[in-house]
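Once you've had a glance at the structure underneath, I'll fire off some questions.
Here, each number is a calculation from the coordinates, and none is a lab measurement. If you're wondering where the values come from, they're calculated on a predicted model, not measured in any experiment. Methodologically, a virtual Cβ is constructed for each residue, glycine included, from the backbone with ideal geometry; neighbour enumeration extends over all protein chains shown.
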Amino acid sequence: MNLIHYYRQQFVELTAQFEKVWEEDSHYKFGFLWRSHVSSLYKEMFQMTQTRQEPLYLMYAMELPESYKRTNISEVIKNVASAYELSMYVFSSKIMLTSCVSIENLQQTSLGFIHQARAEMIDLVFSAIKQVDYETV
């Protein structure tokens, strides 16, 4: 069993026991991908990817609604210190926050990584302040 399959098996076993909300996308071609079906306000994804030249990476992503474009979330993301590599992607109808870690720097299980990454992102989301356009008020 290679490393990515070992971590996939670990994640499957942990989620079956503790967090049954994850569904694997069997059509994903670049490693393994799961989606959570818990919240209707935001979407969560977890991905394991490995290329021949790179180590195994774990990535947790949270998709936020378009309304977060009217906050200072980008400034909050830029100024935060994290053990993970944080990124923000802005699309026409959503914002995606991602937290990524190389397996070489992983300090916990795959589910532990998700819990810590989720907690960090929720802290960031709740510290974002809605911006007011005073010209229209």
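Test of understanding: in a Gaussian network model of the chain with alpha carbons linked when under 10 Å, which of 106, 86, 58 would top the mean-square fluctuation ranking?
Its mean-square fluctuation being the largest, the pick is 106.
Another question, if that's okay. Along the charge dipole of the chain, which of 77, 10, 26 sits closest to the positive end, that is, farthest toward it, with unit charges on the beta carbon of Lys, Arg, Asp and Glu (+1, +1, -1, -1)?
26
Right, another one. How are the C-alpha pair distances of the range 33-84 spread across 5 Å bins, as whole percents from the shortest bin up?
P(r) over the range 33-84, rounded to whole percents: 4, 14, 17, 19, 20, 16, 6, 2, 0.
Now for a separate question. Express in nm, to one decimal, how much length is gained between residue 9 and residue 54 on full extension, taking 0.36 nm for each residue of separation and deducting their alpha carbon distance. Before the final figure, lay out each step's value.
Details: separation 45, 0.36 × 45 = 16.20 nm, distance 2.05 nm.
So the extension gain works out to 14.2 nm.
Which net charge results for the neighbourhood of residue 64, defined as the other residues with beta-carbon distances under 12 angstrom from its beta-carbon, given Lys and Arg at +1 and Asp and Glu at -1? Before the final figure, lay out the partial values.
Details: positive: 43, 69, 70, 94; negative: 44, 63, 66.
Neighbourhood net charge equals +1.
Once the Cα atoms of helix 3-18 and of the chain are each reduced to a long axis, what angle between those two axes, in degrees from 0 to 90 to the nearest 10, is obtained?
70
Taking the simple approach of a point 7 Å from Cα along Cα-to-Cβ for both residue 96 and residue 79, what is their distance in nm?
2.7
Where the only charges are on Cβ atoms (+1 Lys, Arg; -1 Asp, Glu), what is the dipole of the range 3-127 about its Cα centre, to the nearest 20 debye? Each step should come with its number before you reach the end.
On the way: 11 positive and 14 negative charges, 52 e Å.
Magnitude of the dipole: close to 260 debye.
Using the structure shown, list the pairs from 29/78; 78/130; 43/78; 43/69; 20/43 with a Cα-Cα distance above 25 Å, or answer none.
Those over the limit are 29/78.
Now a separate question. Pairs of Cα atoms under 8 Å, at least six residues apart: use those to get the relative contact order of the chain, whole percent. Spell out each step's value before the answer.
Details: 200 pairs, mean separation 28.5, N = 137.
Computed over the chain, the figure is 21 percent.
Using Cβ contacts closer than 10 Å as the measure, can you line up 49, 98 from fewest to most?
Values: 49 16, 98 19.
Going from sparsest to densest Cβ surroundings: 49, 98.
Could you identify which residue out of 32, 91, 113 has the top mean-square fluctuation in a GNM of the chain using Cα springs shorter than 10 Å?
91
Could you state the angle between the C-alpha long axis of helix 110-127 and the longest principal axis of the C-alpha atoms of the chain, as a value from 0 to 90 degrees rounded to the nearest 10?
0
Moving to a separate point now. For residue 30, what is the net charge nearby, where nearby means another residue's Cβ is under 14 Å from its Cβ and Lys, Arg count +1, Asp, Glu -1?
Working: positive: 8, 29, 52; negative: 24, 25, 54.
Spelling it out: positives minus negatives among the neighbours equals 0.
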